Amino acid sequence: MKALVYHGPGQRNWEEVADPVIDDPADAVVRVDTVTICGTDLHILRGDVPAVTDGRILGHEAVGTITAVGPGVRRFAVGDRVLVSCITSCGSCRYCRENSYGQCIGGGGWILGHRIDGTQAEYVRVPFADNSLYPVPDGVTDDQMIVLADILPTAYEVGVLNGNVQPADVVAIVGAGPIGLAAIMTARLFSPSHIVAIDLADTRLDAARSFGADVVVNPARHDPREVILGLTDGLGADVVMEAVGLPQTFEQAVTLVRPGGHVANVGVHGTAATLHLEDIWIKNITITTGLVDTFSTPTLIKLLASGKLDTTSMVTHRFGLDEFTRAYDVFGDAAATGALKVLLTAKR
Ligand SMILES: [Zn+2]
Ligand SMILES: [Zn+2]
């Protein structure tokens, strides 16, 4: 089969590799029908995630069709349409028993496109299939479902729930890429009074408005802190989410929160950021970090299937599965191309 293979920082290639096979009784092999590229894949290509080594097939999000199951798989069968989630769960370790699948120590967690071969390929092997795959409900398209593989649960769990968004809150979101937009969409489930989106790209601020941001700020023109103080009687935002993954955006997020508020870091960081404890020790601020657990995926699937969440406008570019090289170029240059989610679909 063909797959998108990582060959060290800056190096990626769509090339011929061996087909995946059932390796463990709990495995399934899934034919990839629709797949996407994540901001995390760009971090990997910049060398920010050293656990990813030369020869690894990237990708941790897909919708596909099962072509083989191991003898231990009970809940799925060949031919089932499934969501391949970014998080795999062994189902029995301490963390999986506490719904913290992202921290699985039984061989799961974020392993696809990280510690084992991923979804940017014609086929992918998914370990612990019973606990890790989700059936695609009738009437839900691949385009709708694919955002549930990572960005929607990540924004909801690591941003909105960790940030403890409450009704009438002022919520600031630093970064209006796909994760930031998903955070806007899922924060709205809690009726905040204002959602403020902050980004240097006007195309992304336009998208933020269409996804429900009440106020958008381009720091090149306006000071986000002044805008937020103006909305909050000079106090600061109740919740700030960092959805970029740079030292300066994390440090900015901490300056925007009110005393007693929450800063939820969602971004993937590759270098150290400074925490100004000399300023904030007195302010009762809660700072959270997190990798998604995907415990909310069944909830989000219900919201999607019932039309309460509509993510289709997040898809800005479409490619064939064999066009990964171009798709990466377009997604990697999002400031110029306006790319949010790029989808690659296999021609059948
Ligand atoms: Zn991802
Ligand atoms: Zn586990």
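The values are calculated or read from the model by the stated rules, or taken from the named source; none is laboratory data. Keep in mind the model is a prediction, meaning the values are calculated, not measured. Cβ atoms come from the backbone with ideal geometry, glycine included; neighbour counts cover every protein chain shown.
Details
- Restricting attention to region 258-314, the residues being more than 16 Å from the chain's Cα centre (by Cα), of a type in the set (A, V, I, L, M, F, W, C) and assigned to a strand (DSSP E or B) number 2.
- On the stretch given as region 177-221, residues that are within 19 Å of Thr311 (Cβ to Cβ), among the polar types (S, T, N, Q) and surrounded by fewer than 18 Cβ atoms within 10 Å (Cβ to Cβ) total 2.
- Number of the exception - Arg97 against (1) basic (Lys, Arg); (2) under 20 Å from Ile22 (Cβ atoms); (3) out of contact with any strand residue (DSSP E or B) (no Cβ under 6 Å at 6 or more places or on another chain): (2)
- Residues that are within 16 Å of ligand 1 (Cβ to nearest atom) and not small (Gly, Ala, Ser), drawn from region 8-44: Arg12, Val32, Thr34, Val35, Thr36, Ile37, Cys38, Thr40, Asp41, Leu42, His43, Ile44
- Gly118 passes every criterion in (1) within 15 Å of ligand 2 (Cβ to nearest atom); (2) assigned to a loop (DSSP other than H, G, I, E, B) apart from (1).
- Condition check for Ser306: among the small types (Gly, Ala, Ser) and at pLDDT below 95: yes
- Subset of region 128-156 (residues that are among the charged types (D, E, K, R) and crowded, with 24+ Cβ neighbours inside 10 Å): Asp150
- Residue in region 142-159 that is in a loop (DSSP other than H, G, I, E, B), away from ligand 2 (no atom under 16 Å from the Cβ) and of a type in the set (A, V, I, L, M, F, W, C) present: no
- All positions within region 90-105 that are more than 8 Å from ligand 2 (Cβ to nearest atom), touching a Phe, Trp or Tyr at 6+ places or on another chain (Cβ under 7 Å) and not polar (S, T, N, Q): Gly102
- Considering only residues in region 88-105 that are out of contact with any Pro (no Cβ under 8 Å at 6 or more places or on another chain) and within 16 Å of ligand 1 (Cβ to nearest atom), the one that is farthest from Gly59 (Cα to Cα) turns out to be Tyr101.
- Filtered residues of region 59-89 (kept if within 16 Å of ligand 2 (Cβ to nearest atom) and surrounded by fewer than 22 Cβ atoms within 10 Å (Cβ to Cβ)): Gly72
- Considering each residue of region 182-195 in turn, at least one proves to be more than 16 Å from ligand 1 (Cβ to nearest atom) and of a type in the set (D, E, K, R).
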